[in-house]
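Let me begin by presenting the structure, written as structure tokens, before commenting on it.
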Amino acid sequence: MNLPVPLPHIAALPRYVPGARGAADQAPPIKLSSNENPLPPLPSVMEAINKAGGAINRYPDMFAVELTERIAGNAGLSAEQVAVGGGSVAVLAHILQAYAGLGDEVVYAWRSFEAYPILTHAVGATPVAVPLAASARHDLEALAAAVTGKTRVLLVCSPNNPTGPAVHADEFAELMSAVPSSVLVVLDEAYLEFVTDPRAVRGADVLGRWPNLLVLRTFSKAYGLAGLRVGHALGPADLIAPVRSCVTPFSVSAVAQLAAVASLDVEDELLERVAGIVAERTRVLGDLADQGWSIPDAQGNFFWIAAGDDAADLAAHLATREPSVLARPFAGDGVRISIGTSLENDQLLSALAHYSKRV
Ligand SMILES: *Cc1c(COP(=O)(O)O)cnc(C)c1O
């Protein structure tokens, strides 16, 4: 009997394995494993969510017109320069669908965001992973050198998830002038709002300067809407239009659209919360330096411990503490830990102080 056969590049993708779930009788773990915002929605955002929830028998606005216009207005762009999707991971999937296929190459730094290889394989393209430089930073010269005639897309993650440092404006400009204008460069700024390094590249400053540049943003991290799935790309209208064509119809719910608009209404308050997380980041890193850890520059709401072969052991140590601290290990490489609330960070610091090895 002949059964349906998936495309070979899809069949080769790793199968989804659900993560461990805590038992009901255990204290809730301190979840520092997904770079989420530790704080619940602001009251006005919650109100928008409740209100939108009362109308979920209706389809959402397929083109997210109000949200798109608000994002465009804030960025000083026109609505045609914005593509909204169900999280920026989905928007990136649409970008790759639009610009890369079988036989094409997608270049990115590694280690970087886990979604990059999966999304690249999903469109049949070939990942070209360029090792990070010292201090866990992007090696922009090596990235530029990795571009070939087959390269269609180059992904730049700043700050880099999971290692933390941001790409600098001057090195980004050099990369853009070294790369042919036919290569689409995507600057993934998921953690933009947490960046304090004055040398860091900022999408807002570079958009429009190059005709082959898109910037990727999300409401999941600083804005605290990870569970609602809304993100967007910004860039020249002729680059954005094909991305919009790939967006799955109705994939951004009305709840997500209205919560995102309500978040933009209280942006100042949300950015105050971000400042609080950044202050905690400074405190945590200072304390860790006193404990003897060497942590790469952390420009997002997370930091990286280059634990190498001890990565799984370190994460297991954190998980077995009381209360349990959940971090994100990358076996053989390191552990990424998100900045939580002040109390959560105290518990994390104590857990790390009780670990015997230092890197
Ligand atoms: C979290 C994250 C995103 C955002 O994902 P969403 O789909 O918007 O939740 C994008 N890029 C990077 C590098 C991230 O870490």
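Checking the structure you have, find out if any residue of region 55-77 is of a type in the set (A, V, I, L, M) and more than 28 Å from L187 (Cβ to Cβ). Before you say what the answer is, go through the steps one by one.
Of the residues in region 55-77, the ones of a type in the set (A, V, I, L, M) are 55-56, 62, 64-65, 67, 71-72, 75, 77.
Then keep just the ones that are more than 28 Å from L187 (Cβ to Cβ); that gives 55-56.
Yes, there is a match, as at least one residue in region 55-77 is of a type in the set (A, V, I, L, M) and more than 28 Å from L187 (Cβ to Cβ).
Scanning region 44-62 for residues that are touching a residue at least 12 places away in the same chain (Cβ under 8 Å) and in a loop (DSSP other than H, G, I, E, B) yields a total of 7. Scanning region 269-298 for residues that are within 17 Å of E36 (Cβ to Cβ) and within 16 Å of the ligand (Cβ to nearest atom) gives L270, V274, I277, R281, A298.
Among the residues of region 72-100, those identified as open to solvent by less than 20 Å² (accessible area, probe 1.4 Å), over 27 Å from A136 (Cα atoms) and not hydrophobic (A, V, I, L, M, F, W, C) are G85, G86, H94. Inspection of region 223-235 finds no residue satisfying the criterion of being more than 19 Å from the chain's Cα centre (by Cα) and either within 14 Å of the ligand (Cβ to nearest atom) or not charged (D, E, K, R) (or both). Say whether the condition of being within 11 Å of the ligand (Cβ to nearest atom), among the small types (G, A, S) and within 29 Å of F303 (Cα to Cα) is met by at least one residue in region 120-143. No; the residues of region 120-143 include none that is within 11 Å of the ligand (Cβ to nearest atom), among the small types (G, A, S) and within 29 Å of F303 (Cα to Cα).
If you go through region 233-249 and pick out every residue that is buried (at least 19 other Cβ atoms within 10 Å of the Cβ) and in a helix (DSSP H, G or I), you end up with 4. Within region 320-340, the set of residues being over 18 Å from the mean Cα position of the chain (by Cα) and open to solvent by less than 40 Å² (accessible area, probe 1.4 Å) comprises P323, S324, V325. Filtering V183, V206, V179, V247 for residues that are of a type in the set (A, V, I, L, M, F, W, C) and within 16 Å of the ligand (Cβ to nearest atom) leaves a single hit, V247. Scanning region 304-316 for residues that are open to solvent by 40 Å² or more (accessible area, probe 1.4 Å) and in a helix (DSSP H, G or I) gives D309, D310, A312, D313, A316.
Scanning region 68-97 for residues that are over 20 Å from the mean Cα position of the chain (by Cα) and either within 14 Å of the ligand (Cβ to nearest atom) or of a type in the set (G, A, S) (or both) yields A72, G73, G76, S78, A79.
The values are calculated or read from the model by the stated rules, or taken from the named source; none is laboratory data. If you're wondering where the values come from, they're calculated on a predicted model, not measured in any experiment. Note: ideal-geometry Cβ built from the backbone for every residue, glycine included; neighbour counts use all protein chains shown. Surface accessibility is based on the protein's heavy atoms, side chains included, excluding ligands, DNA and RNA. Shrake-Rupley method; radii C 1.70, N 1.55, O 1.52, S 1.80 Å.
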